[in-house]
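Working notes for the structure below.
The values are calculated or read from the model by the stated rules, or taken from the named source; none is laboratory data. Computed from a predicted structure; not experimentally measured. Because the Cβ atoms are built from the backbone with ideal geometry, glycine has one as well, and the counts that use them run over all protein chains shown. For accessibility, only protein heavy atoms count, side chains too; no ligands or nucleic acids. Shrake-Rupley method; radii C 1.70, N 1.55, O 1.52, S 1.80 Å.
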Protein chains: 4
Amino acid sequence: MGMIGGGIDSFIGDVHRKAAGIDGMIELVCGAFSSSEEKSKRSGKALFLPENRCYGTFEEMILKEKELPEGERMDFIAIVTPNHMHFAPAKLGLENGFHVVCDKPMTLTIEEGIELESLVKKTGLLFALTHNYPGSPMVKQARAMIANNELGKIRKVQVQYLQGWLATSIEKTGQKQASWRVDPTKSGVGGALGDIGTHAENLVEYITGIQIQEIAADLGRFGEGRVLDDDGNILLRLENGAKGTMSFSQIATGEENNLAIKVYGERGSLAWCQENPNQLITKWLDKPIITYTPNGNNLYKEALEASRIPAGHPEGYLEAFATIYKNFAIHLNAKLTNQDIEVPDYPKVSDGIRGVKFIHAAVESDKNNAAWVKLNSTI
Amino acid sequence: MGMIGGGIDSFIGDVHRKAAGIDGMIELVCGAFSSSEEKSKRSGKALFLPENRCYGTFEEMILKEKELPEGERMDFIAIVTPNHMHFAPAKLGLENGFHVVCDKPMTLTIEEGIELESLVKKTGLLFALTHNYPGSPMVKQARAMIANNELGKIRKVQVQYLQGWLATSIEKTGQKQASWRVDPTKSGVGGALGDIGTHAENLVEYITGIQIQEIAADLGRFGEGRVLDDDGNILLRLENGAKGTMSFSQIATGEENNLAIKVYGERGSLAWCQENPNQLITKWLDKPIITYTPNGNNLYKEALEASRIPAGHPEGYLEAFATIYKNFAIHLNAKLTNQDIEVPDYPKVSDGIRGVKFIHAAVESDKNNAAWVKLNSTI
Amino acid sequence: MGMIGGGIDSFIGDVHRKAAGIDGMIELVCGAFSSSEEKSKRSGKALFLPENRCYGTFEEMILKEKELPEGERMDFIAIVTPNHMHFAPAKLGLENGFHVVCDKPMTLTIEEGIELESLVKKTGLLFALTHNYPGSPMVKQARAMIANNELGKIRKVQVQYLQGWLATSIEKTGQKQASWRVDPTKSGVGGALGDIGTHAENLVEYITGIQIQEIAADLGRFGEGRVLDDDGNILLRLENGAKGTMSFSQIATGEENNLAIKVYGERGSLAWCQENPNQLITKWLDKPIITYTPNGNNLYKEALEASRIPAGHPEGYLEAFATIYKNFAIHLNAKLTNQDIEVPDYPKVSDGIRGVKFIHAAVESDKNNAAWVKLNSTI
Amino acid sequence: MGMIGGGIDSFIGDVHRKAAGIDGMIELVCGAFSSSEEKSKRSGKALFLPENRCYGTFEEMILKEKELPEGERMDFIAIVTPNHMHFAPAKLGLENGFHVVCDKPMTLTIEEGIELESLVKKTGLLFALTHNYPGSPMVKQARAMIANNELGKIRKVQVQYLQGWLATSIEKTGQKQASWRVDPTKSGVGGALGDIGTHAENLVEYITGIQIQEIAADLGRFGEGRVLDDDGNILLRLENGAKGTMSFSQIATGEENNLAIKVYGERGSLAWCQENPNQLITKWLDKPIITYTPNGNNLYKEALEASRIPAGHPEGYLEAFATIYKNFAIHLNAKLTNQDIEVPDYPKVSDGIRGVKFIHAAVESDKNNAAWVKLNSTI
């Protein structure tokens, strides 16, 4: 793995490294950790990398690594930069034969997304998008239950992703995470929308297996002087006729990372919450409440495979994140060794395009006073 | 108290009687429990009422009770009939000098609501609307915290009221509760909207002290052949600029009576859930999570007064309902005895009109594909 | 119902009146509410009783009511006095033909308990002990599940009853509830032991259907100058070989009324907590977690009968208490009308004796440095 | 790090490797993973170790690694074998200049524990015992709150550690984890007592900062034919006069890994549960309930330092475990580089002796029908 972005003072870079490392399948071998070469080398040194594998730019890294012998050079790049710096390194990586792991939202524009998708198809290279929540065992159980029609036809969805860390104008204090997220040149047209709304969108489609057809979005800009949304309320209509709501916010004072989803079908329903990820609560027409736990009784194979330790030993955010990397690594390893195996799922370039379409549809809807916009009409 | 509707096989009639009785301030003295005189008398007998105080129609009850000497005749009527039977007895009661307790939604039309409001003003009689959830101690604490500006300016609201009992077409099995609720001649233009959506609307306005300005509503009719909504998703905009979502449903399979609200202000937020009513969870910019409990530490007077028993002894649905009756009775008693006291709050005719406006705004919005409709524009 | 004790400033008197009243089967007709006749009459007046039915002593009440014509006189007495005042009125009541409802612990001594039991047997009168927690629907479900062998042989029990209201020496401030509870002349040999430990003991035996065989008790007296225990930790051995712990306290700072029990059998286990009474959580060898709710799916008849309102509408402490009165009233009514019906359960004189034996065994064990004492060896 | 035990089919070996790896401070360089040399090499290969660093015995590993040049040879050994195989490698490692990380319970006998302690003192080498739960941020917050006297004098403790995985006789099916744990030649005199009871004992002493003075233990052997305890109920008396209970079990059907503790002081109390580790609930004489979360508001430095990711992103079992390794590594690194820093805490050889004393005291008490035994009297 060669990392782009994620210097030593970065939150998400450290998360990616820990997540990639947990299962012992991936090794960090090089990085372009910062746009400053000196800072990149300093980060690399702290990570025990040799100096000559610490690059000053992603272009340098991709082109120099390409020259290294197979087995020594990095197998894939992991892009952990702010949003506006996803597309260029992803494109260059793919064009030079490297598999890609990319943070979300995938690109600033739908066109960029489609270009990446074409490149992935053309090159046959792997592309993973780090929506981490589908890596949680109970999310996998939820998806499997619906895929196996336990809930009956899905009618209703409620999803929320609530944070409070932008409740005050901390971007004005120089807080690094906040600064780029409220800046449209770095975040794109969506603020909280792109940062967390896309996780909510992805979770709906991943768990239900049904695409969101159209949305009516009312975005808020509560922080003084903010150009981008820091809050949003959205009506959802799904392809199969289900309806629902999405609410996301970074000004929901006191909330930490409250991503939660409820899905209602004709026979049963389920509820999952990221802050308490080790239970999946299901309610039924004709049965009492049934709660599943990781590595507990009566789970689908997909859920069992996503747990590392025995029931009752909680896994958390990093482990779910790690499962994305692990499944990508399993796929990559099978590909590199020409094995024909059943590959466990992880988010791909197509999921990235869904997210970008969602962002653009929401922004368009909001501009039109929450008029309905179809996700597939946005280009 | 003289009851209209609520015969012995009625769910809500029994609830009203238990709620009115808990605090020992109200006595049932007569009733027109059913449109069948025989059934009304049978109900009255089971309730230990003398036969001559069990009437065949509400008109008979109101007019005959009026003839009884003061002290013997009922002081007020309690209307617990289906929606279409609220207006006529309320009007006749007021016109004949009786105070009124009325179930929600108050009337089928806004015009009827306004007519009742005029009558209340003209006669000076009391009118209570039995939105029961404002009777809960932790709802009162929530309201007091916001009224005292603990949370700062309110920015975001999420409210849901989820039930699953209409997930299947039980109205076709002759289930009495279901039959009238899906019938527009009895329920009015709103189905779940009137039955539970109005509770959610009322809770938002009661807790925040801010009116809902406009809504964009997407209603669902999932049960086969249903004319009225059995599900709804609504975007909210409040008078002060806050935004939010409302989701209500009677097809949310497995849900029992899941009314829950979250309110976010600039400095803090709060969350309350009816199914676990004895805690109020608050989250803050700069403090850890603080959870209040009935009769626990650091409560506002309004919350303390709404508890009957020591901390840790859970009160429930009936007790909250009883507090509406109790506060109405305190008001009535003060009025009858010419005492000038500080009257604790209970929902009134103005709250009833808000509910009816909400129903009509939502139906209009839904007809126009979830276009925004102002609540005060609906007449 | 004629009440002994429970004047208007009493906590438990009000609870008994509300609980007795909820289901509309019991009417308060007279009372000896206080040892002061004046105060008794004042209490009675506030309760809308005629002055001549407000008595100055329980002896007067029992003897005068006995003279009244059947139908007019009270059917039973409800004893809601401090512990030392249970035996005498219960005995006199039984001797004069009145059924009895009595608060717990039943008597100060085992001998008194046995005397009451003999009187009950001899007279054929009914005797209810107001252990209220067995009135909770989910407690009834727990009992029924074990009675129907769903859990397999019971192996382990954990029960706790934790309060914090005596964490400081509030008895020195004149707080009325505290004063008599720390006074051995009024409470008997047990402090917290009698007040709440007996509830825990009763709950174990009620839910499991198995008697506690022997105990090893380590009692604490943490409040300065307290003679009676305000805390206790007890090892339990049950008749069937199961083992367990009991912990009770009134100095568990911050706890409100945290009575909770867990029972483990060979195939499954269950957990119930009084502060969140509307769920029963069960865990299994080979099934996921299953949570039952009042009036929810798949309940035993005993649990369904103990609910008043639909699923999701929480019932609380008063309703559970009311179920004891309701079941007693059903029994009494059947007896008075010579009906042969299946009587729902409520705690009886035999449960009272168990509680008193438990208190005395714990005190004896504690005196011997937590040596094992058999409950049936205590007399 | 050189690992002793923990071959590729071992549960706890994998946990140790993941935990040691998360923070990027520790590298596995060699191992004696199995008593079979072939299996040891196979494990090492799967872990990407060179064959010549995979040893057939721990003696070989310690002696050969000692010969390697500094910088290349392992810095410390991690002992992850069954209980009876802790002492010998720990002793040999210390005697040959290697620091030691050792699983719990530390040794089979108190004498062995004391011998290790002497060796640690004599050599000045570091010794970490992997009680992992003190690594949890909220456990650190709990300890800091008590150390800073927020709760006042501690009066009462309740601790439980409940599992159900030995509810049936799975040792007879050849299940590897179960087989050695029920075998006294491998586990020592304690079964569940040593395996999980010691975690409970350690947690009490770590959080309160107070030693357990004496215990009265009633152990159970519910599984057919079991020689060692699979269940235990214990009365606790602490050095400062506090009292309490401990309950542990591996036959608590349906429980997964339910370690939970409650501590009551004169002014406040706290509760923590391993299965939901990311909250610490505190209750108070005169304040509402206050809940702390990792990286949330108002935490002590010790709690903040033990979190890796932002508030609301749950960390779990592996991360707590990793904190033990991290703090040990910080200490080791400071020692190796002669830095004088404030070393964060981790369990040490003295904690190991406490655990072994606890096991022996409990066994002795149980043999004497739960008579009190002082922990410091056991040798």
Kirkwood Rh, Cα Rg: Rg to Rh for segment A:163-210? 1.10
For peptide D:154-164, what's the mean number of Cβ atoms from other chains within 10 Å of each residue's Cβ? 5
Applied in sequence order to segment B:272-284, the curve 6.51 cos²θ - 1.76 cosθ + 1.60 (Karplus, θ = phi - 60°) yields integer Hz couplings, x standing for Gly and Pro, of 9, 9, 4, 6, 9, x, 8, 8, 10, 9, 10, 10, 9
What number results when the radius of gyration of segment C:1-151, computed over Cα atoms, is divided by 2.2 N^0.38 Å? 1.10
For the protein assembly as shown, what are Rg and Dmax over the alpha carbons, in angstrom? 34.3, 111
Under a no-solvent Debye model with one identical scatterer per Cα of segment A:199-257, what's log10 I(q)/I(0) at q = 0.13 Å⁻¹? -0.40
Averaged per residue, what accessible area in Å² does the protein assembly as shown show with a 1.4 Å probe, protein chains only? 34 Å²
Quick one: Cα centre-to-centre distance for segment B:91-151 and segment C:10-61, in angstrom? 34 Å
Return the average number of partner chain Cβ atoms within 10 angstrom of each residue Cβ along peptide B:315-323. 6
Inter-label distance, nm, simple model (7 Å from Cα along the C-beta direction), B:LYS301/B:GLU51: 5.2 nm
What helices does chain C have that are whole DSSP H segments, at least 24 Å long along their own axis by Cα, and with mean Kyte-Doolittle hydropathy of -0.5 or more? C:317-336, C:349-367
For D:LYS153, enumerate residues with amide H under 5 Å from its amide H, sequence gap 5+ or separate chain, H modeled in the peptide plane. D:GLU266, D:ARG267
What is the spread of the Cα atoms of segment C:229-301 along each of their three principal axes, largest first, in whole Å? 42, 31, 23
Mean per-residue count of partner chain Cβ within 10 Å for D:242-251 equals 5
Normalised per residue, the volume inside the convex hull of the alpha-carbon atoms of segment C:12-93 in Å³ amounts to 95 Å³
For segment C:1-134, which whole-number percentage of the solvent-accessible area (1.4 Å probe, protein heavy atoms only) is attributable to carbon and sulfur atoms? 53 percent
Quick one: net charge of C:ASN333's neighbours, Cβ under 11 Å, K/R +1, D/E -1? +1
Within the set B:ALA329, B:ALA362, B:ALA142, GNM on chain B using Cα springs under 10 Å gives the largest fluctuation to B:ALA329
Per residue Cα convex hull volume for segment A:322-372, in cubic angstrom? 90 Å³
Using protein heavy atoms only (no ligands, DNA or RNA), what is the total accessible area buried between B and C, 1.4 Å probe, nearest 100 Å²? 2200 Å²
Provide the net charge surrounding A:GLN177, with neighbours chosen by a C-beta distance below 11 Å and charges set as Lys +1, Arg +1, Asp -1, Glu -1. -1
What aspartates and glutamates could a cross-link reach from A:LYS156, if we take a straight Cα to Cα line under 15 Å and drop same-chain neighbours fewer than 8 places away? A:GLU201, A:GLU205, A:GLU214, A:GLU239, A:GLU266, B:ASP218, B:ASP229, B:ASP230, B:ASP231, B:GLU255
The simple spin-label model distance between C:TRP180 and A:GLU27, using points 7 Å out along Cα→Cβ, in nm, is 7.8 nm
Pairwise FRET efficiency - C:LYS91 versus B:LYS335, Cβ, R0 = 41 Å, nearest 0.05: 0.25
How high is the relative contact order of chain D, in percent, counting Cα pairs under 8 Å that sit 6 or more residues apart? 20 percent
Classify segment B:85-171 as rounded, prolate or oblate, taking a ≥ b ≥ c as the square roots of the eigenvalues of its Cα gyration tensor: rounded when a/c is under 1.5, otherwise prolate if a/b is larger than b/c and oblate if not. oblate
Rg ratio (alpha-carbon, reference 2.2 N^0.38 Å) - chain A: 0.97
Based on the alpha-carbon set only, what is the convex hull volume of segment B:279-379 divided per residue, in Å³? 196 Å³
Over segment D:276-326, the quotient of the Cα radius of gyration and 2.2 N^0.38 Å is 1.24
Highest-MSF residue in chain B out of B:PHE98, B:PHE328, B:PHE222 [GNM, Cα springs under 10 Å]: B:PHE222
Can you show me the helix-derived [θ] at 222 nm for the protein assembly as shown, built from DSSP H runs with n ≥ 4 at -39,500 (n - 2.57) apiece and divided by the number of residues, rounded to the nearest 500. -10500 deg cm²/dmol
Set A:LYS335/D:LYS176; A:LYS91/A:LYS153; D:LYS41/D:LYS122; B:LYS91/B:LYS326; B:LYS39/C:LYS140, cut-off 30 Å on Cα-Cα distance; pairs above it are A:LYS335/D:LYS176; A:LYS91/A:LYS153; D:LYS41/D:LYS122; B:LYS39/C:LYS140
